[in-house]
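**Student:** Pasting in a structure now, in structure tokens, and then I'll have a few things to ask.
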Amino acid sequence: MEITEVKVKVVESKNDRLQAFCSITIDNCFVIRDLKIIEGAKGAFVAMPSRKIMGKCTHCSAKNHIKSRFCNECGKELDDEDKSKGAKLHADIAHPINSECRNLLQDKILEVYEKEKAIFLRLLNAERSA
């Protein structure tokens, strides 16, 4: 497997841990979008694309985010058991199977991120001083 392209979009944020969005192309034929670069306690890491986990309304059976208080379809209050306290809120759409693959992806993405971040900061500083 070869990562043939990495695109990074640095996000301007003051207190948010989200640093950038990115997409990767593997072997010039497979794209994964919406990876996120997050600033964690031990430095930046790559979060895989994910979706919100949904639950069904007991009144109309419409899908709602698991932590929602009211149904998006019928507006009725959702039951407490639908909120599943302590439940996982997101599920990965795509993710590496082993640590070797994860390290390969993360190292390549963070390498490009550092270059893009330097350019972004240079432009931001030039804009502020102008």
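**Student:** Pick from LYS63, LYS56, LYS42, LYS76: which is at pLDDT below 95, assigned by TED's automatic domain parsing to the domain that holds ILE3 and charged (D, E, K, R)?
**Tutor:** Within the list LYS63, LYS56, LYS42, LYS76, the selection yields LYS42.
**Student:** Which one is farthest from ALA91 (Cα to Cα), of the residues in the range 1-37 that are small (Gly, Ala, Ser) and touching an Asp or Glu at 6+ places or on another chain (Cβ under 9 Å)?
**Tutor:** ALA20
The values are calculated or read from the model by the stated rules, or taken from the named source; none is laboratory data. Not measured: the values here are computed from a predicted model. Note that we place each Cβ from the backbone using ideal geometry, even for glycine, and neighbour counts take in every protein chain shown.
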